[in-house]
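In what follows, a single structure is set out as structure tokens and then discussed.
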Amino acid sequence: MIEFYNVIISSLIIFLLFNGNLIFFKDININVFKKITISIIIILNIFLTFSFFSNGLTILFYFVIFSIFINLFNFVKNIKNFYFLYFLLFNLVIFVQIAVEPILGWDGQAFWYPKAYNYFSGGSFDNLKEFTRADYPHLGSYIWAFFWKYSLLKYEYVGRYIQIFIYLSSLFLIISFNKNNIIRNIIIVYFLFFISFDLNLFRGYQEYLIFSLINIYVVLHYEDKNHFFLFLYTLLIINIIIWVKNEGIIYIIPIIILFIFRQKKIFNKKNFYFLVLCWIILVFRLYMSVQLNGVFSFQDNSFTLSNIIRESFNFSTIRTDLFLIIKHSIITYFKYPIWIFLFIFLIFPDKEIKSKKLYKNTLYIFVFSLLINIFIFHIQDSAILEWQLSTALDRLNFMLSGYFIYFIYRNVDKYFSKITN
């Protein structure tokens, strides 16, 4: 029974903290899931800021208590919203599933859990240089540590609930702009969940954070008409993604391009300021990595500058590399159904969607995904390439699939409308 209370109380802390109080918004009619996701973007940036201070978790605790207090009334008000109530129950079902099977995956045990335990036990950012893979960014582990440390029973799996919450928030954000009937929207959100859910990735991995943040950006990119706020959201999302995994530095490229080409005139002051701020964010990220490691590196020696240049022009293994990359790509596409539906709707898109920018943008990002995977794995050591593909490509592709779930949704919704009308 005490574990049941632990799940409920820990869940309430998350629900109340990210409830989306009107303190962040002027428009009181803004939909509840947009409030929640924007609250996530803002608060995760606050978490990131305090992660560099030795007493950051303690300060955050008081910030969270204050936020919960001012969000309480708004939470009670939102309970009357059917979608919000269904969303809460959806979260609780998966929370319980994690509590029943609180196991950690290999990378979770080896790389991310130690960083979380560092913060849980009072360690600082500087301590991370003593851990295996100090070059791995720490934000996911820091958030994990906070919700673990301030849970009722201090069980580590409670710290992983936040990833589930952010993931489901990003899915419900997709349907929140749609005025369809309730049953139709619930069917669609469950479908999106079905094609993108993998319980194993909640066992200490970080992929769902990047997947969800990319998805949130894409939805806001197409649905939010306020250019000024999108400017801010985009920078804040980029800032979070690059501190979750090293791959995030590469996977934010489509976000940057989408934002720049959103403007009618590419060469304008807004894009200039945006690129300058992106550069500052990236430089700070690299600078802090150097403080821990002495040099900046991606994961292993394959990503040193000399090796990248040498292997990029090594055409002796290109045929074998391409064969293996294509082979394992096909395997990952069947592992995650989201890719199967992406192919279906790229080949057979709804006529209305095909004429819009969404279709072209999705096609370009898909090509980018193929090329970036070829590049990343071509510069690896050919002797262990197949092992690297079998252990990493599926998770890399899953993160990239965050760019495509909104496109799939729009097609499903259109076809659903034609069938039911």
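The values are calculated or read from the model by the stated rules, or taken from the named source; none is laboratory data. Because the structure is predicted, anything quoted here is derived from the model rather than measured. A quick note on method: Cβ atoms are made from the backbone with ideal geometry, for glycine too, and the neighbour counts reach across all protein chains shown. Remember, those area values only see protein heavy atoms, side chains included, never the ligands or the DNA or RNA. Shrake-Rupley method; radii C 1.70, N 1.55, O 1.52, S 1.80 Å.
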Dividing the mean separation of Cα pairs under 8 Å (6+ apart) by the residue count of the chain yields a relative contact order in percent of 17
Keeping all protein chains in position, work out how much accessible area residue 332 exposes to a 1.4 Å probe, and write it in Å² to the nearest 10.
-> 10
Specify whether the C-alpha gyration tensor of the range 140-287 places it in the rounded, prolate or oblate class, a ≥ b ≥ c being the square roots of the eigenvalues: rounded for a/c under 1.5, otherwise prolate if a/b is larger than b/c and oblate if not.
-> oblate
Would you mind telling me which residue in 92, 371, 209 has the biggest mean-square fluctuation in a Gaussian network model of the chain, where springs connect alpha carbons within a distance under 10 angstrom?
-> 371
For the chain, with a Gaussian network of springs between Cα atoms less than 10 Å apart, report the residue from 362, 234, 320 with the top mean-square fluctuation.
-> 320
Label the range 89-159 by shape, choosing from rounded, prolate and oblate, from the square roots a ≥ b ≥ c of the eigenvalues of the Cα gyration tensor; if a/c is under 1.5 it is rounded, and otherwise prolate applies when a/b is larger than b/c, oblate when it is not.
-> prolate
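Can you give the FRET efficiency for residue 184 and residue 70, using 1/(1 + (r/R0)^6), R0 = 30 Å, r = Cβ-Cβ distance, to the nearest 0.05? Walk me through the numbers before you get to the answer.
Numbers: r = 35 Å, r/R0 = 1.15.
That gives a FRET efficiency of 0.30.
Which loop trypsin sites (Lys or Arg not before Pro) in the range 154-219, with loop taken from DSSP, have no more than 15 other Cβ atoms within 10 angstrom of their Cβ? Intermediate results must be reported in sequence, preceding the final value.
On the way: sites: 154, 160, 179, 184, 203; in loops: 154, 179, 203.
Here the sparse-neighbourhood loop sites are 154, 179.
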For residue 264, counting only aspartates and glutamates whose alpha-carbon sits under 20 Å away and dropping same-chain residues fewer than eight positions off, the answer is 223, 224
Per the charge dipole of the chain (beta-carbon charges, Lys/Arg positive, Asp/Glu negative, Cα centre), the residue among 42, 328, 409 reaching farthest to the positive end is 409
Quick one: putting +1 on the C-beta of Lys and Arg, -1 on the C-beta of Asp and Glu, what dipole do you get for the chain around its Cα centre, in Debye to the nearest 20?
-> 1640
Among the chymotrypsin sites (Phe, Trp or Tyr not before Pro) within the range 3-104, which fall in a DSSP loop and have no more than 13 other Cβ atoms within 10 Å of their own Cβ?
-> 53
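Determine the gain in length on full extension of the stretch residue 129-residue 265; use 0.36 nm per residue of separation and subtract their C-alpha separation, reporting nm with one decimal. Present the calculation step by step, with values, prior to reporting the outcome.
Details: separation 136, 0.36 × 136 = 48.96 nm, distance 4.44 nm.
Using 0.36 nm per residue and subtracting the Cα-Cα distance, I get 44.5 nm.
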The percentage of the accessible area of the chain (probe 1.4 Å, all protein chains present) made up of carbon and sulfur atoms, to the nearest whole number, is 69
Calculated [θ] (222 nm, deg cm²/dmol) that DSSP helices of n ≥ 4 give over the chain, each run adding -39,500 (n - 2.57) = -22000 deg cm²/dmol
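With a 1.4 Å probe and all protein chains left in place, how much accessible area per residue does the range 82-142 have, in Å²? Could the numbers behind the result be given before it?
Values: 2630 Å² over 61 residues.
That works out to 43 Å² for each residue.
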If you take the square roots of the eigenvalues of the alpha-carbon gyration tensor of the range 14-127 and sort them as a ≥ b ≥ c, do you get rounded (a/c under 1.5), prolate (a/b over b/c) or oblate?
-> oblate
GNM of the chain, Cα pairs under 10 angstrom: of 347, 325, 256, the biggest fluctuation goes to 347
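Within the range 32-107, list the trypsin sites (Lys or Arg not before Pro) lying in a DSSP loop whose Cβ has at most 15 other Cβ atoms in a 10 Å radius. Let's see the in-between values first.
On the way: sites: 34, 35, 77, 80; in loops: 80.
Within the range 32-107, the qualifying trypsin sites (Lys or Arg not before Pro) (loop, at most 15 other Cβ atoms within 10 Å) are 80.
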Please find the FRET efficiency linking residue 194 to residue 415, where r is the Cβ-Cβ separation and R0 is fixed at 22 Å, and quote it to the nearest 0.05.
-> 0.85
